[in-house]
1. Between Rg and the Kirkwood Rh of segment 93-227, both from Cα atoms, what is the Rg to Rh ratio?
2. Rounded to a whole number of µm²/s, how large is the Stokes-Einstein D of segment 1-130 at 20 °C and 1.002 mPa s, given Rh as the Kirkwood radius over C-alpha pairs?
3. Kindly sort Tyr160, Tyr176 by accessible area of their heavy atoms, largest first, with the probe set to 1.4 Å.
4. Under a plain spin-label model, where a point goes 7 Å from the Cα along Cα-to-Cβ, how far apart in nm are Gln261 and Lys182?
5. Place a point 7 Å from Cα of Ala217 in the direction of its Cβ. Which residues in segment 136-180 have their backbone N less than 12 Å from it?
6. Assign one of three labels to segment 176-253, namely rounded, prolate or oblate, based on the Cα gyration tensor with a ≥ b ≥ c the square roots of its eigenvalues; rounded applies when a/c is under 1.5, prolate when it is not and a/b is larger than b/c, and oblate otherwise.
7. In whole percent, what relative contact order does segment 60-210 give with Cα contacts below 8 Å and a gap of six or more residues?
8. Subtracting the Cα-Cα distance from 0.36 nm times the residue separation, let me have the gained length for Ser115 to Glu361 in nm, one decimal.
Amino acid sequence: MGGAVSAGEDNDELIDNLKEAQYIRTELVEQAFRAIDRADYYLEEFKDNAYKDLAWKHGNIHLSAPCIYSEVMEALDLQPGLSFLNLGSGTGYLSSMVGLILGPFGVNHGVELHSDVIEYAKQKLDFFIKTSDSFDKFEFCEPSFVTGNCLEISPDCTQYDRVYCGAGVQKEHEDYMKNLLKVGGILVMPLEEKLTKITRTGPSAWETKKILAVSFAPLIQPNHADSGKSRLVHLPPVGVRSLQDLARIAIRGTIKKIIHQETMNKNGNGLKNPPRFKRRRVRRRRMETIVFLDKEVFASRISNPSDDNNNSEDLEDERQEEEETKPSELKPDPPVNFLREKVLSLPLPDPLKYYLLYYREK
């Protein structure tokens with residue numbers, strides 16, 4: 001699946017293309033997509049394909065096409081503080097983007113069949129938390145992953161506000177999926193070759209909307225041949241945050257407000273000069289004509305009457321264009337992580353500073 005939008009040169013250009021094609025339609029979803037570089041979830045030797053609108057699979061590792069993930073994110077209608085269950089959580093790419101929107105008081109669980117993919121997802125999650133400057137722009141709901149078949153979830157599990165299934169669901173499993181939802185919740189899944197959004201409007205009432213045609217590998221049926229018994233999947237408990245963790249969230253939030261206020265004061269209540277866009281010019285080129293005469297070659301410039309009038313204007317335009325392009329040729333300074341700088345400048349013991357920064361390495 002995929003190929004709905006043109007390939008991008010980088011993550012931002014990929015998101016620009018998804019926005020232009022109306023796959024990304026809301027600001028929250030756009031911010032989450034821009035915050036996490038899709039290429040970080042690829043193996044190194046396959047990163048050249050990261051910004052193409054195509055699915056990728058290597059062994060058990062799998063990523064859906066960007067256009068599919070964006071439709072899923074939009075259909076889930078995510079809000080801070082909700083609970084989310086990702087069935088077939090894979091690399092954790094989608095779960096991490098969801099976590100940026102859910103915020104520190106949400107719930108973010110994933111079930112994945114393959115233990116090697118769980119380890120891969122944990123490595124990618126750790127890399128994002130420790131190295132990405134985007135992490136400090138959000139309060140993150142860190143995903144928790146468990147190994148197992150998502151068709152064997154324990155019947156006493158809690159229900160969720162939002163559920164996504166990343167494998168093809170047959171009609172016989174539709175009710176099973178619906179029962180994972182709270183009243184008012186939203187389930188998004190590929191159902192009979194259609195990406196489908198189901199909203200639970202009451203204890204036994206549902207609204208169904210078909211989003212687009214898709215082709216997903218089907219859910220793998222449980223195999224009880226070895227023991228003859230079902231291997232129930234127990235989802236992580238919904239715990240209460242510790243007082244220490246709540247204090248970290250509050251302190252980071254306060255520091256962000258201070259930084260925001262300082263920025264507004266510095267820029268005059270946040271009003272910045274609009275970015276300057278270069279006017280696109282067509283460079284006029286002098287035409288040289290080669291004249292052949294009696295086996296000898298003479299090179300002469302044949303003037304266009306308008307050239308004489310515009311020559312000085314052309315030279316001035318070219319000079320201005322060169323001046324405007326010079327700054328862009330310089331390597332831009334890396335973005336400043338103001339939250340990190342502020343925390344490190346506080347008169348606090350180093351271990352406490354590192355705790356406030358989630359022990360980040362960058």
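1. We get a ratio of 0.98 for segment 93-227.
2. 145
3. Greatest to least solvent exposure: Tyr176, Tyr160.
4. Taking the two extended label points, one gets 3.3 nm.
5. Only 167-168 pass the distance filter.
6. Judged from the Cα gyration tensor, segment 176-253 comes out oblate (a/c at least 1.5, b/c at or above a/b).
7. 22
8. My answer for the length gained is 85.9 nm.
The values are calculated or read from the model by the stated rules, or taken from the named source; none is laboratory data. What you are looking at is a predicted structure, and each value in this text was computed from that prediction instead of being measured. Every residue, glycine as well, gets a Cβ built from its backbone with ideal geometry; the counts of neighbours run over all protein chains shown. Remember, those area values only see protein heavy atoms, side chains included, never the ligands or the DNA or RNA. Shrake-Rupley method; radii C 1.70, N 1.55, O 1.52, S 1.80 Å.
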